[in-house]
Amino acid sequence: MNLTQEKLNDHLLLQVVGRLDTTQSDSFEKQIMEILDQGHEKIILDCKGLNYISSSGLRIFLIMQKKMMGAGGQFKICGLQPSIKEIFDMSGFTMIFSIYQDVDEALKA
Amino acid sequence: MIKKNSLSFRIITRVLLITITLFVLIMAGYYYYARNIIREYTRQNAIELAGNLTGKIEQILQPMEKVPQMLASTMEMGLIHPDSLMSILETVVRKNPTIYGSALAFEPDFFPDKGTYHMLYAHREGDRVHSMTLDTEEYDYFYMDWYQIPAILKEPYWSEPYYDEGAGNILMATYSVPFYCLRDGERRFAGIATVDLELEWLTDIVSQVQIFETGYAFMLSRNGVAVTHPDRTMIMNKSAFSNAEEWNAPILREVGRDLLQGISRFREYHIPGRDKLWIYYRNLESNLWSVSVVYPDREMFASLRQMTTMGVVFILGGLLLLTLITSGVIERLAKPLTLFAGSARTIAEGNFDVKLPTVSTNDEMKELHDAFSHMQEELAEYVVNLKETTAAKEKIESELRIAREIQLSMIPHTFPPFPDLPQVCLYAMLKSAREVGGDLYDFFVIDKDKFCFAIGDVSGKGVPASLFMAVTRTLLRTIADKEQSPASIMETLNKSLAFNNESNMFVTFFLGVLDLRTGKLMYSNAGHNPPVVIGSNGNVSMFEAAKSIPLGLFEDFIYTEHAVQLNSGDKLFAYTDGVSEAENKREVLFGEERMLEIVDAGKHLDPKDLIKSMEEAIDNHVVDYPQSDDITMMAIRYT
């Protein structure tokens, strides 16, 4: 798992690449927490390089969603691969998150 | 004693090997070089020696040769009366100690009054000079070499050595000069004037040459017959050529050929079965006789051999001394190594406090000592840490074992669970990836004819997940006592779980309530993998995907419920994602498709066998790769 971040207009673009399983999720959580503490208003999480996610990973997505919402910000997820999208659908998470096709679409929204 | 596989043995053998090789090479080089020098020196010595000897002999022979020449010219002048000729010969012999005898031999009837044979001869007999006239056919000198050959050649001639029977009666060689006289106005051959050289006398001179212990000199005639030789039986014996045949020594033939051609040479001279010799030969100037000097090879190189032997002895002694000293030094230097090996063994047995060998030098041994000492400290510290860690780990493990037992005791695991409920046949299994896990299943009867069952999966694994699972399971039983519809149970459960859920953990949950009388199944799905329905007609299908999120996230979430009618013989197969996402070492997932294939293949099996066959298929996929997630399965048949 590898996480990169960059500024894109008024958004912070995060890109996660690789697998997000139980063993990786601890370090992912730590990095995400640091980013969230910086108080960004709009965050886009680009998942086009993410090819596996476990429930521990989903939990961190949820934390991001809750924190951003609590702070009155925006959290957008985009570029979900079909297998990941399936998990989102099955677990009902599609209903909770703002999910977009790609970064451009997320920026416009 | 040095052990064969010890360090010092190996060092010394290698050093010795190199030293000995070098030494052998140096000695061989020295020997070869010195031998060449000695041979060259000997050659020069031989040339000089033979030159001296030749000179000495020439000094004798040349004046001798003048005598018959003078006699011949005297005869040709015809100044002397024939009767006084004998006294001249006597005088010649008396005055020249080198001359054994001298003769004047005339042609047949040269003096008409003297007869056919007429030869005057004076020779030495002890201190006196004896003279004689040989004028009978008993001494038929006309056919003797010394007379006949110069007569034909018409020039002076040195004869081959011969025994002069009837006149000199010794071994001799004769120098003959022909003389002529005018008769009837014509220069005609008149006779021969000679002097005799006693070979014995020549032998004495040549024998004076001393070469080492057994070296010698000798002379050969033109035909290769010995003129002088320290072994007197050789004199006048066979020629070099016939000896070459007899001794199978072709070298003799080469020598003979060289001498015939007047070639001088220094060469090795080896006759099979005899000591090797070196020989130098050259011809005399006045005639074709030759002088040879002989150097025995053994004596020639004796000093070299002696020096070489001494050298070898000294160096071997030196090497022995070197070996002893080196082995002593190495043994002393390497002794700490043996002691360190002992220390290492003691340390390996667990005794870290062992005293290390004392090293007084400040070299690699000191480094080894310091490294050892450091290792001792580190090991001691490491073992203390290890003991503490192990104790702590054991404590945790034992606690986890207990936690596992508690967790397992929270879910029903007696099968069949309801012997008095013929409508339901059920089997379930739960296999945690770690000691404790976050999966759960449960089933119980509400109000006699309502059968409630649930399956869930807490996010994450291990202890946090197991605690959340325990809370969920406990709440479920409490809530199900009061609520009856799946949606209301779910909502209450969600509210409780979401309340103060700081960790943001959640649980996917499928809850079903089956009316045992009618077969009507009410269910609600909070983000869980939809179970599979196996119809009694053989149809295999999945419940539609949930539209609700997992429990524990948002307190006020509204959960929906659905109804489905089960027929007798219909089966349900519920599972957690540990089944569909079971990984092997290539990170390939078991997959929903494969799972459905197994279900389809086992659709006629009863719940227990269906689950067993699924478990076997998962094991075959995963093989020995560590289990990545908790695996839970539950199969129910409605009758």
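List of remarks:
- Charge dipole of the protein assembly as shown (Cα centre as origin; +1 on each Lys and Arg Cβ, -1 on each Asp and Glu Cβ, all else neutral): 1040 debye, rounded to the nearest 20.
- Cross-link pairs B:K66/B:K95; B:K393/B:K585; B:K431/B:K461; A:K7/A:K108; B:K66/B:K238 - those with Cα-Cα distance over 21 Å: B:K393/B:K585; B:K66/B:K238
- 3J(HN,Hα) couplings calculated from phi for the stretch A:102-108 with the Karplus curve 6.51 cos²θ - 1.76 cosθ + 1.60 (θ = phi - 60°) are, in sequence order, 8, 4, 4, 4, 5, 5, 5 Hz; Gly and Pro show x.
- Net charge over other residues, Cβ less than 13 angstrom from the Cβ of A:F93 (K, R count +1; D, E count -1): +2
- Estimated translational diffusion coefficient (Stokes-Einstein, Kirkwood radius over Cα pairs, 4 °C, 1.567 mPa s) of the stretch A:1-78: 104 µm² per second.
- In a simple Cβ point-charge model (Lys, Arg +1; Asp, Glu -1; nothing else charged), chain B has a dipole of about 820 debye relative to its Cα centre.
- Among the GluC sites (Glu not before Pro) within the stretch B:169-235, those in coil by DSSP and having at most 16 neighbouring Cβ atoms inside 10 Å are B:E213.
- Relative contact order for chain B, counting Cα pairs under 8 Å that sit 6 or more residues apart, in percent: 8 percent
- Under 5 Å, built H, 5+ apart or other chain: amide partners of B:A582: B:F590, B:G591
- Sites count as exposed loop sites when they are trypsin sites (Lys or Arg not before Pro), lie in a DSSP loop, and have at most 12 other Cβ atoms within 10 angstrom; the longest stretch of chain B without one is B:5-153.
- Around the amide H of B:R434, modelled in the peptide plane, lie the amide H atoms of B:G462, all under 5 Å away and 5 or more residues distant in sequence or on another chain.
- Antiparallel DSSP beta bridges within the stretch A:2-108, percent to nearest 5: 30 percent
- Centroid-to-centroid separation of the stretch B:345-380 and the stretch B:28-53 [C-alpha atoms, Å]: 68 Å
- Within the stretch B:117-211, the ratio Rg/Rh, alpha carbon atoms throughout and Rh by Kirkwood, equals 1.04.
- Pairs of Cα atoms nearer than 8 Å and 6+ residues apart set the relative contact order; for chain A it is 25 percent.
- Residues B:L337, B:L475, sorted so that the one with the fewest Cβ neighbours within 10 Å comes first: B:L337, B:L475
- Intensity falloff of the stretch B:268-359 expressed as log10 I(q)/I(0), Debye formula with alpha-carbon point scatterers, at q = 0.13, 0.21, 0.22 Å⁻¹: -0.74, -1.02, -1.06
- Whichever aspartates and glutamates have a C-alpha closer than 19 Å to that of A:K76, once near sequence neighbours (fewer than 8 apart) are set aside: A:E6, A:D10, A:E29, A:E34, A:D37, A:E41, A:D46, A:E86, A:D89, A:D102, A:D104, A:E105
- Just so you know, the averaged projected area of the alpha carbon convex hull for the protein assembly as shown sits at 73.1 nm².
- Equivalent ellipsoid, chain B (semi-axes from 5 times Cα gyration tensor eigenvalues, Å): 145, 32, 17
- Once the Cα gyration tensor of the stretch B:259-302 is diagonalised, semi-axes √(5λ) in Å: 24, 11, 7
- Calculated on C-alpha atoms, the gyration radius of the stretch B:1-208 divided by its Kirkwood radius gives an Rg/Rh of 1.48.
- Structure note, pairs B:K448/B:K520; A:K30/B:K495; A:K85/B:K571: Cα-Cα distances above 22 angstrom occur for A:K30/B:K495; A:K85/B:K571.
- Once the convex hull of all Cα atoms in the stretch B:412-638 is built, its volume per residue stands at 114 Å³.
- Long-range HN-HN contacts of A:I53 with modeled amide H, under 5 Å: A:L20
- Ranking B:Y269, B:L333, B:I411 by how far each Cα lies toward the positive end of the dipole of the protein assembly as shown (charges on Cβ) leaves B:I411 at the top.
- Residue of A:M69, A:M95, A:M33 that the Gaussian network model of chain A assigns the largest fluctuation, springs spanning Cα pairs under 10 Å: A:M95
- Size descriptors for the stretch B:1-100: radius of gyration and Dmax over Cα atoms are 35.1, 108 Å.
- Longest to shortest principal axis, alpha-carbon extents of the stretch B:210-295, angstrom: 34, 29, 25
- The stretch B:523-639: relative contact order as a whole-number percent, Cα under 8 Å and 6+ apart: 30 percent
- Projecting the Cα atoms of B:T478, B:I598, B:V622 onto the charge dipole of the stretch B:412-638, computed from C-beta unit charges around the Cα centre, puts B:T478 farthest toward the positive end.
Since every read-out is calculated from the coordinates, none of them should be taken as a lab result. Only a predicted model underlies this, so the values are computations on that prediction, with no experimental measurement involved. All Cβ positions, glycine included, derive from the backbone under ideal geometry; neighbour counts span all protein chains shown.
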